[in-house]
Amino acid sequence: MARIAIISDIHANYHALCAVIEDVRTMQCSELVCLGDVVGYNAFPSQCLDYIRQLDCPVVRGNHDEEVVVPSQVKMNPIARQAMDWTRAQLSGDRRDWLARLQYQRIVRTSSGHSISIVHSSLDHPKNWNYIINTNDAASNFPRQFCPLCFHGHTHVPKVFIHNGQHTVEDFERQQEIREHGYTEIHPREGMKYFINVGSVGQPRDGDPRACYGIYDTNLDLVIIKRVTYDVQAAQQAIRDAGLPQYLADRLSSGT
């Protein structure tokens with residue numbers, strides 16, 4: 001069985017990352033890819049970064065990863081800016097160098113011979129960090145998508161967009177299943193392209209505080225998106241202990 005775990009937007013939440021990795025093992029995944037934003041917001045940037053590094057898996061760059069190594073003039077709200085400045089101060093030069101070497105997008109060939117595209121935001125303008133919210137946003141991605149499946153993150157909200165060669169639609173049924181059951185299965189159809197947001201490990205924003213990630217089963221040609229419970233209170237206390245804004249702790253329990 002070939003199963004690839006797809007994780008995104010860890011955001012320095014070590015408690016959530018460990019819970020997801022444990023679930024990845026339970027689900028018998030043999031490979032893993034990371035869609036970026038390993039750091040930012042939460043209290044364990046070095047630990048999460050080191051964990052992902054030691055897995056030696058394919059990783060693409062997220063906007064927070066980039067902001068650590070290439071501080072921009074992009075306007076950030078004061079809370080995000082404070083967390084970013086704190087994060088940058090925690091990371092050694094070697095860790096920042098590793099982030100600086102990350103590519104914006106990749107095509108990953110799995111051990112079973114299947115190819116998938118991975119990107120943090122979108123394939124058409126990956127350096128612009130556009131948010132893919134609806135079908136209009138997603139439509140511009142598909143001309144640059146050369147694999148049937150592309151996985152992305154950035155919005156922290158699990159979603160599925162499908163393109164049939166002419167039209168792009170959003171799979172609201174799968175999203176409803178995630179909201180109601182914390183689990184859904186996507187069965188890709190031949191000739192279609194799928195642009196799939198696997199949600200966030202470390203800072204969900206869809207009203208569910210549980211961590212979220214994806215699995216691609218190449219044998220069954222099946223994509224799973226599922227939630228994982230983790231110790232939210234411990235993650236919140238770590239934020240407070242680090243002196244980071246209380247708001248960042250509060251939002252973990254509300255999933256917003």
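Quick check: is even one residue across region 235-253 in a loop (DSSP other than H, G, I, E, B) and at pLDDT below 95? For region 235-253, residues in a loop (DSSP other than H, G, I, E, B) and at pLDDT below 95: absent.
Can you tell me how many residues within region 57-81 are within 14 Å of I10 (Cβ to Cβ), of a type outside the set (A, V, I, L, M), in contact (Cβ under 8 Å) with a residue 60 or more places away in the chain and outside any helix (DSSP H, G or I)?
To start, the set of residues in region 57-81 that are within 14 Å of I10 (Cβ to Cβ) comprises 57, 59-65, 68.
Of the ones still in play, those that are also of a type outside the set (A, V, I, L, M) are 57, 61-65.
Now restrict to residues that are in contact (Cβ under 8 Å) with a residue 60 or more places away in the chain: 62-63.
Keeping just the survivors that are outside any helix (DSSP H, G or I) gives 62.
Number satisfying all stated conditions: 1.
Would you check if there is a residue in region 112-128 being in contact with a Cys (Cβ under 8 Å, 6 or more places away or on another chain), part of a loop (DSSP other than H, G, I, E, B) and either at pLDDT 95 or above or surrounded by 17 or more Cβ atoms within 10 Å (Cβ to Cβ) (or both)?
Filtering region 112-128 for residues in contact with a Cys (Cβ under 8 Å, 6 or more places away or on another chain) gives 115-119, 123.
Of the ones still in play, those that are also part of a loop (DSSP other than H, G, I, E, B) are 123.
Among the residues that remain, those that are also either at pLDDT 95 or above or surrounded by 17 or more Cβ atoms within 10 Å (Cβ to Cβ) (or both) are: 123.
Yes.
The condition of being at pLDDT 95 or above and among the acidic types (D, E) holds for only one of E185, E190, that being E185. The listed residues are D221, D171, and the only one of them that is more than 24 Å from P126 (Cβ to Cβ) and of a type outside the set (A, V, I, L, M) turns out to be D221. Here N219 passes the criteria (1) part of a loop (DSSP other than H, G, I, E, B); (2) of a type in the set (S, T, N, Q); (3) farther than 27 Å from S30 by Cα except the one numbered (3). Scanning region 70-100 for residues that are within 25 Å of Q246 (Cα to Cα), in contact with a helix residue (DSSP H, G or I) (Cβ under 7 Å, 6 or more places away or on another chain) and either of a type in the set (G, A, S) or crowded, with 17+ Cβ neighbours inside 10 Å (or both) yields a total of 5. Assess whether M84 counts as being part of a loop (DSSP other than H, G, I, E, B) and out of contact with any Phe, Trp or Tyr (no Cβ under 6 Å at 6 or more places or on another chain). Against the criterion (part of a loop (DSSP other than H, G, I, E, B) and out of contact with any Phe, Trp or Tyr (no Cβ under 6 Å at 6 or more places or on another chain)), M84 does not qualify.
Going through (1) modelled with pLDDT of 95 or more; (2) in a loop (DSSP other than H, G, I, E, B); (3) not basic (K, R) one by one, I107 falls short only on (2). Considering S121, S140, the condition of being within 18 Å of the chain's Cα centre (by Cα) and closer than 28 Å to V160 by Cα is satisfied by S121 alone.
Scanning region 131-150 for residues that are buried (at least 16 other Cβ atoms within 10 Å of the Cβ) and either hydrophobic (A, V, I, L, M, F, W, C) or part of a loop (DSSP other than H, G, I, E, B) (or both) returns I132, A138, A139, N141, F142, Q145, C147, P148, L149, C150.
Given the residues V201, V160, V223, V169, which is the only one that is surrounded by fewer than 18 Cβ atoms within 10 Å (Cβ to Cβ) and either over 24 Å from V39 (Cα atoms) or under 14 Å from the mean Cα position of the chain (by Cα) (or both)?
Values: V201 fails: surrounded by fewer than 18 Cβ atoms within 10 Å (Cβ to Cβ); V160 fails: surrounded by fewer than 18 Cβ atoms within 10 Å (Cβ to Cβ); V223 fails: surrounded by fewer than 18 Cβ atoms within 10 Å (Cβ to Cβ).
None of the others qualify; the one that does is V169.
For region 151-203, residues that are in contact (Cβ under 8 Å) with a residue 40 or more places away in the chain, assigned to a strand (DSSP E or B) and of a type in the set (S, T, N, Q) total 2. Note on region 24-44: residues that are crowded, with 19+ Cβ neighbours inside 10 Å, over 22 Å from L102 (Cα atoms) and of a type in the set (D, E, K, R) amount to 0.
The values are calculated or read from the model by the stated rules, or taken from the named source; none is laboratory data. Note that the coordinates shown come from a computational prediction; the quantities given were computed from them, not determined experimentally. Quick reminder, even Gly has a Cβ in these numbers, built from the backbone with ideal geometry, and neighbours come from all protein chains shown.
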